[in-house]
Amino acid sequence: DTAVSQTPKYLVTQMGNDKSIKCEQNLGHDTMYWYKQDSKKFLKIMFSYNNKELIINETVPNRFSPKSPDKAHLNLHINSLELGDSAVYFCASSQPGDQPQHFGDGTRLSIL
Amino acid sequence: GESVGLHLPTLSVQEGDNSIINCAYSNSASDYFIWYKQESGKGPQFIIDIRSNMDKRQGQRVTVLLNKTVKHLSLQIAATQPGDSAVYFCANMTGAGSYQLTFGKGTKLSVIP
């Protein structure tokens, strides 16, 4: 039933490790996004894919690499994790353009 | 540069009262606006949206007002309930071809029973 689901919900790991977060949507949307929410609750777009094509790539370290195997999935791989990567990462999806974006429940990443 | 901001970071209201959450934006070309509600441990949940060709839109217990002259957006919640306690975000988009939603800082609404 879940519209946008991401796994895992919690991710605790050590600095320097590589990790992935997965996202799937069953809403039939063409566009998917990754957002980062910091400790002050500020939400900032990182990436956006439309129909598997990258359309937004904000100023994000190239240690972050999104991959969209199909329209319903957008995964986020992070290399060489740093302390500053600790945050909650949200996946979202929408139809293209000025349409509401629907969010998953987030992945809380904690770097030790 | 583009920014979407909020006048008050926290708001406490008595159960049953009306709540008003305000938001200012800086880009006069913004033409699509959304309000989201985020509960603890959850993702932002869509509440209501409005396009720039409107100045008011109503939903169930919620009303969004848009004043393009002063670049101000507000969310009114009628008869606030404990379940309304959450952080509320305004967000905006510029241009129908844009995919980029810019979020404000968020207002924490606390409902006093």
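Some notes on this structure:
- Percent of Cα pairs in segment A:11-106 per distance bin of 10 Å, from zero to the largest separation: 16, 52, 28, 4.
- Note: relative contact order over chain A, using C-alpha pairs below 8 Å and six or more positions apart, is 37 percent.
- Neighbouring partner chain Cβ atoms per residue of A:26-37, average, 10 Å criterion: 1
- Evaluated at q = 0.07, 0.13 Å⁻¹, the base-10 log of the normalised Debye intensity for the protein assembly as shown, with identical point scatterers placed on the Cα atoms, takes the values -0.22, -0.76.
- Grouping the Cα pair distances of segment B:4-112 into 5 Å bins from zero gives a pair-distance distribution of 2, 13, 25, 26, 19, 9, 4, 1, 0 percent in increasing distance order.
- Student exercise, chain A dipole from Lys, Arg, Asp, Glu Cβ charges, in Debye to nearest 20: 260
- Electrostatic bookkeeping for A:Met46 treats Lys and Arg as +1 and Asp and Glu as -1; over the other residues with beta carbon under 10 Å from its beta carbon, the sum is +1.
- A:Arg63/A:Lys9 FRET efficiency (R0 22 Å; Cβ-Cβ; nearest 0.05): 0.50
- Once exposed loop trypsin sites (Lys or Arg not before Pro) are cut out (DSSP; at most 16 other Cβ, 10 Å), longest piece of chain B: B:72-113
- Inter-probe distance in nm under a simple model that places probes 7 Å from Cα toward Cβ, at A:Leu112 and A:Asp38: 2.6
No lab work stands behind these numbers, since they all come straight from the coordinates. Since this is a predicted model, take the numbers as computed values, not measurements. Quick reminder, even Gly has a Cβ in these numbers, built from the backbone with ideal geometry, and neighbours come from all protein chains shown.
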